[in-house]
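Right, one structure below, let's go through it.
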Amino acid sequence: MVSFKRVMQIIVAITVLGSVAALEHVTFAQEPTQPEAAQASPREEQLREQLKGILKELDELQKAREGALPPEEKAKVVTEKVAPEAPDAMPEYELSDLSIVSKRFQKRPEGVSLSATIPAETDSQPTRTMKESMESLPGVVLRQANGPRDFSMMIRGQGAKTTFAIRDIKIYEDGFQQTQSDGLSRLDMQDPWFMRSVEVTRGASSSLYDNYALGGMVQFRTRRGSDINGVETFLSGGSYGYQKYALAVGQETDKIDIALFGSQVKEDGYIQNSNYNTQTLNLNFRFKVDDKQNFYFKAISNWLDTKVPTRLTQAQFTANDRQAGGAQTTCTPGTYNAGCANALLLNQSRVDRRTIVGGMYERQINANTILTIEADYDVKDIQQTFSQIGESTNPNYKTYTDLRHDGQLGEMPLKSYVGFFTNQMDQNANSFQNLANGFGTKGTLLQYSRGSIFNIGARFREELEFAPTWTLAAGLGFEQSRLSVDANNYSPTTGALTSSPSANRNFSNWAPETSLTWKPAEGYRHWVRGSTGYGIPTFGNLLRDPVTGLPGSNFDLKAQKNVNVEIGTESKLHKTLTVQLVGFMTFFKDEIITQTISGGNTASVNADSSKYQGIEASFDWQPVTGARISGAYTHIDARYVNFSDRTAAGFQVRDGKQVPNVPTDVLNGKAAYDHAPTGWGGWVEASYYNSYYLNNSNTFSIPSYVVANVNVHKLIQVENSWFRFAKLYLELDNIADKKYAASGQVIGGENAGAAAGNQIFFAGYGRAIYGGVTFGLW
């Protein structure tokens, strides 16, 4: 195996060679007969940019004035379609959380590792989940969780220990935060057919995105009304009873851009007791008040009714990977048994609803200053049936105020940002016995809890271009968090009150960040970055005694923090080839993990320190018109530095052991071709996951696997007033019908035999075929 030091040397070498090539390119591109032009000063460049803005605004005013004139007085003009951006152009990322209301495109934050999917990823692949398109991004791993579109997500090892939903990563959609104040996000709301692209910022980013941005940030971008301009319908079906029906209505005018999406999806599921039915609505309304003001309203709602299988032991997975899971011998039907895991007797299921309604106001105060105010209401209402039956309501209120300014320090361009935010989430939750009679019948009330999380903070950032090709960026975030929770616990036999633990904790967190970026020529970017992240405990973390594992108060649990150090290069080595290579090291302090104390009781503790290091590499090659070959590779070596694990045999020193459930090697490759004249296209892709450990003793691992998919699609365009186009696709997933574990979880057990008896695996889908058509109407 290549050492991490050697990898870093390679990155530096590529950076230097790429920069030399870029400088040579600039040199030889000059006309030798022309005298060397004097280089424009930073102040001159800034004045030119301001002049461009003034001319553009004057042009818009002229057009508005012409629009108000009678038809006979209007000057006759000839319009022509604007040619699409050349395929070899470097991608420009629209930072939706910075300027989502207008179509103003802003450059990415300097000094960050950022990658994004292209629209073709979802356009030709509008199938079951976002995992299918996000696999093409380096550093990002998604694994199956408790629901059809519910996946756990990992970036650089952060979020790897979560077995359902997403933690340690911030999730946004079109600039609206979808991570609740307790740090939980779910992908149930993201329908692939609605999406235009996904942007991922990798590495600790709490100076930019506050609490829980330990691994980075993911921004989902839906299609705008201008992308639809009419009505679209989508019909799809496939293996294991898959059916999907969707509708999109969108339109753009001078003042308004509106897009409304709706979908209904159902499936029997590959695994027994995994059938589901889910509906999603997504409304986006953008209104240009005047030349300096914009308003954006967004509403999303998802209803989910899904059965949930139990993870399988190794023996169960080997015998039948499609079974619902859970041995009936551990359950007594019709009575409560805390250790019961039989999915059918428990009628394991989720009936969840999530709704987000918000607005964003953007005001251009002057030519160089923009004010943004955003507020939203986010409510999660869940009814979940497992070994216990849980009911919980989580209303969440969030507000953000941001001010951005383009100025200068002396003659050096300076981009400044300051923001303030508050958010609060309440929780009312009940937990009942599950009588294991196959219907999910409630027994005695086991726990009632009420909690509240309140966060308030500020952040600022400066990006100084101190030389024509050099930018120094620095940011700092501060957040004060207050978390309080009270619970009443009741006896499962008598129903009598047994304990009333509570916790009231305050956390103060700082998040500094700095980076240095060098852009020697167009298409070349090299950077070094140091950044930090933090995440406070959750309600559940604070309601288990760390010594006994029984219900109680956890007074000593600290917020987890990490420091990310990286060096990276993104280079356009040829007009058809772009590569990105990043080496990173992440130092974790007080990582919150779950320990099994005794008798199956668990509690949250802080692991003193651990280290994650690795590389991320990607390339995008377009050798001929219509062809695209791309790939992404991630390697992570995650190890405990100082940690003693509590086991049945006493404390075990884990120093030097690999952190469980962190994939070591992930590789995705894709070859695609679209023939524009005929509308035919297709691609083939393969994903490889190496084996990695699932327990702290490093004695039990998940098997490695390779899965390959193939797709054929066709675009039929029609010049008609009521029918515009048809997009057809046919996709075959898991071509070889590979049997594999799509996800595992952190388990106990000092040796492989003991570990194998844990509930560990969810099986990945076998060979499946899907087909569908999108009709563009009116």
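The values are calculated or read from the model by the stated rules, or taken from the named source; none is laboratory data. All values reported here derive from a predicted model rather than from experimental measurement. Ideal geometry is used to build each Cβ from the backbone, glycine not excepted, and the neighbour counts take in all protein chains shown. Keep in mind that these areas ignore ligands, DNA and RNA; they rest on the heavy atoms of the full protein, side chains included. Shrake-Rupley method; radii C 1.70, N 1.55, O 1.52, S 1.80 Å.
Please give the Cα centre distance for the range 432-464 versus the range 175-245, rounded to the nearest Å.
Centre-to-centre distance over Cα atoms comes out at 22 Å.
So what's Rg/Rh here for the range 383-488, counting alpha carbon atoms and using the Kirkwood radius for Rh?
That ratio equals 1.34.
Over the chain, what percent of the accessible surface lies on carbon and sulfur atoms, probe 1.4 Å?
59 percent
Starting from the range 696-751, pick out the GluC sites (Glu not before Pro) whose DSSP state is loop and whose Cβ has at most 11 other Cβ atoms within 10 Å.
Glu719
May I have the extent of the alpha carbons of the range 651-761 along their three principal axes, as whole Å values ordered from largest to smallest?
On the principal axes, the range 651-761 reaches 73, 26, 23 Å in Cα extent.
Roughly what % of Cα-Cα distances in the range 193-337 sit above 24 Å, to the whole percent?
59 percent
Regarding the range 474-591, what's the average projected area of the Cα-atom convex hull, expressed in nm²?
Projected over every direction and averaged, the Cα hull of the range 474-591 covers 11.4 nm².
Considering all alpha-carbon pairs of the range 196-244, what whole percent are spaced by more than 12 angstrom?
In whole percent, the long-distance tail amounts to 74.
How are the alpha carbon pair distances in the range 472-512 distributed across 5 Å bins from zero to the largest one, expressed in percent?
6, 16, 15, 10, 11, 10, 8, 8, 6, 5, 3, 2, 1
Using a Cα distance threshold of under 22 Å, what count of lysine pairs results for the range 525-611 when pairs must be 8 or more residues apart or interchain?
5
Give me Rg/Rg_expected for the range 646-691, where Rg uses Cα atoms only and Rg_expected = 2.2 N^0.38 Å with N residues.
2.34
Can you list the HN-Hα couplings for the range 715-721, worked out from phi with the Karplus curve (6.51, -1.76, 1.60; θ = phi - 60°), rounded to whole Hz and with x for Gly and Pro?
Using θ = phi - 60°, the values come out as 10, 10, 9, 10, 8, 8, 6 Hz.
Have a look at the DSSP beta bridges in the range 219-326 and tell me what percent are antiparallel, nearest 5.
100 percent
Could you tally the net charge around Ile629, taking each other residue with its Cβ under 12 Å from the Cβ of Ile629, Lys/Arg +1 and Asp/Glu -1?
Here the count lands on 0.
Step by step: find N for the range 506-553, compute 2.2 N^0.38 Å, then divide the Cα radius of gyration by it. What's the final number?
2.16
Treating the Cα atoms of the range 281-438 as identical point scatterers in vacuum, please give the log10 of the normalised Debye intensity I(q)/I(0) at q = 0.09 Å⁻¹, two decimals.
Result of the Debye calculation: -0.55.
Give, in nm to one decimal, the length gained when the segment between Val706 and Ile373 is fully stretched (0.36 nm per residue of separation minus the Cα-Cα distance).
The Val706-Ile373 span can extend by a further 115.3 nm.
After finding the eigenvalues of the alpha carbon gyration tensor for the range 591-713, what semi-axes result from the square roots of 5 times each, listed largest first in whole Å?
The three semi-axes for the range 591-713 are 44, 15, 11 Å.
Ordered by residue, what ³J(HN,Hα) values in Hz, to whole numbers, does the range 745-750 give under the Karplus form 6.51 cos²θ - 1.76 cosθ + 1.60, where θ = phi - 60° and Gly and Pro are x?
8, 5, 10, x, x, 6
Report, in degrees rounded to the nearest 10, the 0 to 90 angle that the Cα long axis of helix 42-68 makes with the longest principal axis of the chain.
The helix 42-68 is inclined about 80 degrees to the chain.
No solvent, one uniform scatterer per C-alpha: report log10 I(q)/I(0) for the range 619-668 via the Debye equation at q = 0.17 1/Å, two decimals.
Log10 of I(q)/I(0), two decimals: -0.66.
Residues with amide H under 5 Å of Thr538's amide H, sequence separation 5 or more or different chain, H placed in the peptide plane at 1.01 Å from N; which?
Excluding prolines and chain starts, which carry no amide H, there are no hits.
Given the C-alpha atoms of the chain, compute the convex hull and give its volume per residue in Å³.
Convex hull of Cα atoms, per residue: 168 Å³.
Report the gain in length on full extension from Arg363 to Lys292: 0.36 nm times residue separation, minus Cα-Cα distance, nm rounded to one decimal.
Contour length minus Cα-Cα distance gives 25.0 nm.
Between Thr498 and residues 5 or more places away or on another chain, which pairs have amide H atoms under 5 Å apart, with H built 1.01 Å from N, and which residues are they?
Asn489, Tyr490, Ser491
Along the range 446-458, what does the Karplus equation 6.51 cos²θ - 1.76 cosθ + 1.60 (θ = phi - 60°) give for ³J(HN,Hα), rounded to whole Hz, x for Gly and Pro?
3J(HN,Hα) across the range 446-458, in whole Hz: 9, 7, 10, 9, 9, x, 8, 10, 10, 10, 9, x, 8.
Using only the C-alpha atoms of the range 446-499, find the volume of their convex hull and express it per residue in Å³.
In the range 446-499, the Cα hull volume divided by residue count equals 93 Å³.
Just to confirm the filter: which chymotrypsin sites (Phe, Trp or Tyr not before Pro) across the range 541-610 are DSSP coil and have at most 15 other Cβ within 10 angstrom of their Cβ?
Passing both the DSSP loop test and the Cβ count: Phe555.
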